[in-house]
Structure formats: C-alpha cells, structure tokens
1. Of all the residues that make up the stretch 1-40, how many are part of a loop (DSSP other than H, G, I, E, B) and either closer than 11 Å to Tyr63 by Cβ or touching a strand residue (DSSP E or B) at 6+ places or on another chain (Cβ under 8 Å) (or both)?
2. Show the residue pairs meeting these rules: Cβ distance below 6 Å; 6+ apart or different chains; first residue within the stretch 17-29 and among the small types (Gly, Ala, Ser); second residue assigned to a loop (DSSP other than H, G, I, E, B) and modelled with pLDDT of 95 or more.
3. Could you please tell me which pairs satisfy a Cβ distance under 7 Å, a separation of 6+ or placement on different chains, a first residue in the stretch 38-59 that is without any contact (Cβ under 8 Å) to a residue 12 or more places away in the chain, and a second residue that is of a type in the set (A, V, I, L, M, F, W, C)?
Amino acid sequence: MRERVLNYIKEFGSITSFEAFTDLGCTRLSEYIRQLREEYLIDDEWIHTKNRYGEEVKFKKYYIAKKNIFKKLFKGGK
C-alpha cells in the first residue's frame with residue numbers, strides 16, 4: 001500500500017485521506033506518509049472547507065516536496 005500511495009502522489013500531485021480511502025481503499029494514510037517520510041520529503045498543508053452541512057472542516061493534503069533531491073544526496077538529512 002505504501003507504494004500505491006507514493007505512485008498516487010506522483011501521478012496526481014497530492015493525496016488526501018478521502019482520496020486514499022475512495023481511490024486506494026487505504027484507511028491508514030498517515031502511517032504510509034510516516035513511512036514515506038523516511039525516504040522522501042513529504043510536505044503537507046491544511047485544507048479548510050465546509051462539509052455538506054455548512055460546518056467548517058479541515059484535513060491535510062500531502063505532496064512530495066520539490067527539494068527531494070537533497071534528501072537523496074544526503075541520506076538521513078531532514
């Protein structure tokens with residue numbers, strides 16, 4: 001599943017927990033993001049919107065940082 005999450009981010013540019021669940025059947029996105037962060041610089045941002053009831057909700061969107069080349073060159077550096 002970790003590789004599917006990575007491939008999804010590479011193909012679509014980012015992933016949210018809703019996309020992970022509906023498109024990949026993944027219910028543990030945060031765990032796979034944690035694993036991916038061991039090899040890649042994964043950035044995130046909070047998305048603020050409203051749900052169908054007009055209530056404010058927020059969730060994270062994850063994407064691969066453009067500076068990943070540095071992590072691969074200097075393995076282990078964060």
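The values are calculated or read from the model by the stated rules, or taken from the named source; none is laboratory data. Just so you know, these numbers come straight off a predicted model, no measurement behind them. Because the Cβ atoms are built from the backbone with ideal geometry, glycine has one as well, and the counts that use them run over all protein chains shown.
1. The initial filter retains those residues of the stretch 1-40 that are part of a loop (DSSP other than H, G, I, E, B), namely 1, 13-14, 25-28, 37-40.
Subsequent filtering for residues that are either closer than 11 Å to Tyr63 by Cβ or touching a strand residue (DSSP E or B) at 6+ places or on another chain (Cβ under 8 Å) (or both) retains 13-14, 40.
Final tally of qualifying residues: 3.
2. From residues that are among the small types (Gly, Ala, Ser), the pairs are Ala20/Cys26.
3. Thr49/Val57; Lys50/Val57; Asn51/Val57
Residues are listed down the side, and each one gets a yes or a no for (1) surrounded by 13 or more Cβ atoms within 10 Å (Cβ to Cβ); (2) modelled with pLDDT under 95; (3) not charged (D, E, K, R):
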position: Glu11; (1), (2), (3): no, no, no
position: Glu19; (1), (2), (3): yes, no, no
position: Leu29; (1), (2), (3): yes, no, yes
position: Glu39; (1), (2), (3): yes, yes, no
position: Asn51; (1), (2), (3): no, no, yes
position: Tyr62; (1), (2), (3): yes, no, yes
position: Asn68; (1), (2), (3): yes, yes, yes
position: Phe74; (1), (2), (3): no, yes, yes
